[in-house]
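The values are calculated or read from the model by the stated rules, or taken from the named source; none is laboratory data. Because the structure is a prediction, the values reported are computed rather than measured. Please note: Cβ atoms are built from the backbone with ideal geometry, for glycine as well, and neighbour counts cover all protein chains shown. Ligands, DNA and RNA are excluded from the accessible area calculation, which covers all protein heavy atoms including side chains. Shrake-Rupley method; radii C 1.70, N 1.55, O 1.52, S 1.80 Å.
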Amino acid sequence: MRHRIAVIGGGPAGLTFARVLHRHDHPVTVLERDPAPDARPPGGTLDLHEKLGQLALGKAGLLAEFQALSRPEGQAMRILDVDGSVLRDWQPRPDDRANPEIDRGQLRDLLLGPLDVRWGRGVTEVVPGTRDGALVRFEDGRQETFDLVVGADGAWSRVRPAVSPATPHYTGVTLVETSLDDVDTRHSDLARLIGDGSVAVYGVNRALVAQRNSGGHVKVYAQFRAPLDWHTNLDRHLGLNRRAGLDLADVEAVRSSLLALFDGWAAPVLDLLRHGTAFVQRPLYVLPVSHIWAHVPGVTLLGDAAHLMPPLGVGANLAMLEGAELAESVAAASGPGDLDEAVRTFEEQMWARAGRWAEITAAGLERLVSPDPAQALALFDEVQPS
Ligand SMILES: Cc1cc2nc3c(=O)[nH]c(=O)nc-3n(C[C@H](O)[C@H](O)[C@H](O)COP(=O)(O)OP(=O)(O)OC[C@H]3O[C@@H](n4cnc5c(N)ncnc54)[C@H](O)[C@@H]3O)c2cc1C
């Protein structure tokens, strides 16, 4: 039986779900709010783990293409002290394929392939249990019903309220993201500092991380503990000797405030901020650890919509594996009762795995942006293969 399936959101979760269903010749409607695939900058680089994201790509039949596109050398990781001295310099073996990096844009295009996404279809609400199935309401006033609606619409999911009252809360850590272009030609010293992968520097309640993407593009993340409204009073909230509020749209003002926040750090490290282009604020929000809900027939969640956690390298991986697993279960279910049972079983499995990772990443964030920078180094030593 061909169920009427809709997935809301064309991120890693939604596209992997749709792509695996497509591989099983099962129709699926992909509804994405963005008006086009390239409507927004796609974001930085993702490392896909052998037993999570890569497993999902295998289920989608895309592993060989991923291996051709991805950057195993991007697994390299260097940790510096705030004075610029090298504390750790980890290089992957040439045959190491445990966590290769791929640009988000490349991953999106790989997953999109033959999928027929309906762009510009923002969802406002999902109402389960109507006579004809789960009802999806769109921003433009239209509506449509499906046998199963899968909410893969990220942190601020509009599908989530159909199953759970949970909302994300602020972790107390904010990232400010900036970028460098053509790093090998325009900033060769920084290119050497960053190497093929990432460089990270951990200080007291703050950190700077730079990650190489493909094509000489680098993403830099300044991370610090601060209240959500930190920019309204830099003196009170960050201890900087600046009374006026900070206009987050003023690139030079943000740069100068970040340079003041990281004052005293080695000059080459601060150059990551000096040469950064635009600055984008990303306060880190999370859902409660082990977020679960009473099963609601006709609606479920995947990825960040289900278990938003700190960005410690697993969110997209889990999202993709969940997408692939749910798609396989849906494709195998024949009657309406089988579909509901398949979703229930999937949810139990997702909750158990995501709960474990939510605990690990919450504890990890506490140690990476911590009053004791030695915690970050210890964490690196615990997780890095020798
Ligand atoms: C700085 C940073 C670095 C990260 N690095 C990594 C990493 O290295 N590895 C890793 O595994 N994870 C990483 N993550 C986490 C990862 O980005 C997320 O976990 C992942 O993107 C979740 O995928 P998703 O498909 O669930 O949600 P999203 O990627 O958020 O996709 C949701 C999609 O739904 C669409 N949408 C939203 N609302 C609606 C609506 N109402 N109607 C229709 N469509 C809608 C959005 O436009 C979007 O396309 C990082 C996160 C951050 C912030």
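Here is what passes the span test in the chain: the DSSP H helices with alpha carbon length of 27 Å or more along the helix axis and a Kyte-Doolittle mean of -1.0 or above are 336-368.
For Ala294 and Ala362, FRET efficiency with R0 = 30 Å and r from the beta-carbon atoms, rounded to 0.05? Efficiency at R0 = 30 Å is approximately 0.80. Close amide H partners of Glu125, meaning residues 5 or more places away or on another chain with modelled amide H under 5 Å apart, are Arg137.
Once the Cα-Cα distance is subtracted from the 0.36 nm per residue extended length, the Trp156 to Gln384 segment shows a gain of 78.8 nm. Based on the reciprocal of the average 1/r between different C-alpha atoms, the Kirkwood radius for the chain equals 21.9 Å.
What the Cβ-Cβ distance of Leu228 and Leu259 gives, at R0 = 30 Å and to the nearest 0.05, is a FRET efficiency of 0.85. Given a 1.4 angstrom probe, I'd like the percentage of the accessible area of segment 45-112 that is carbon and sulfur, rounded to a whole number. Within segment 45-112, the accessible surface is 50 percent carbon and sulfur. Protein heavy-atom accessible surface, 1.4 Å probe, per residue over segment 171-285: 42 Å².
Give the longest segment of the chain that steers clear of GluC sites (Glu not before Pro) in DSSP loops with at most 15 neighbouring Cβ atoms within 10 Å, not counting the sites themselves. My reading of the result: 140-386 is the longest stretch.
Note on segment 92-134 and segment 24-47: Cα centroid distance 5 Å, given to the nearest whole angstrom. Here the simple spin-label model places points 7 Å from the Cα toward Cβ, and for Ala244 and Asp372 these points are separated by 4.1 nm. For Ser179, the residues whose modelled amide H falls within less than 5 Å of its own, excluding neighbours fewer than 5 places apart on the same chain, are Val220, Thr277, Ala278.
Over every Cα atom in segment 1-133, the radius of gyration and the widest Cα-Cα span, Dmax, amount to 18.6, 66 Å.
Label-to-label distance, Leu63 versus Arg186, with points set 7 angstrom from Cα along the beta-carbon direction: 3.9 nm. Computed from the C-beta positions of Trp90 and Ala332 and an R0 of 30 Å, the FRET efficiency is 0.15 to the nearest 0.05.
Set the Cα radius of gyration of segment 159-198 against 2.2 N^0.38 Å, with N its number of residues, and you get 2.15.
On a per residue basis, the convex hull of the C-alpha atoms belonging to segment 261-376 measures out at 139 Å³.
Gyration tensor analysis over the Cα atoms of segment 171-285 returns equivalent ellipsoid semi-axes of 25, 14, 13 Å (largest first, whole Å). In plain terms, the chain from Lys51 to Val280 could stretch by 79.3 nm, reckoned as 0.36 nm per residue minus the Cα-Cα distance.
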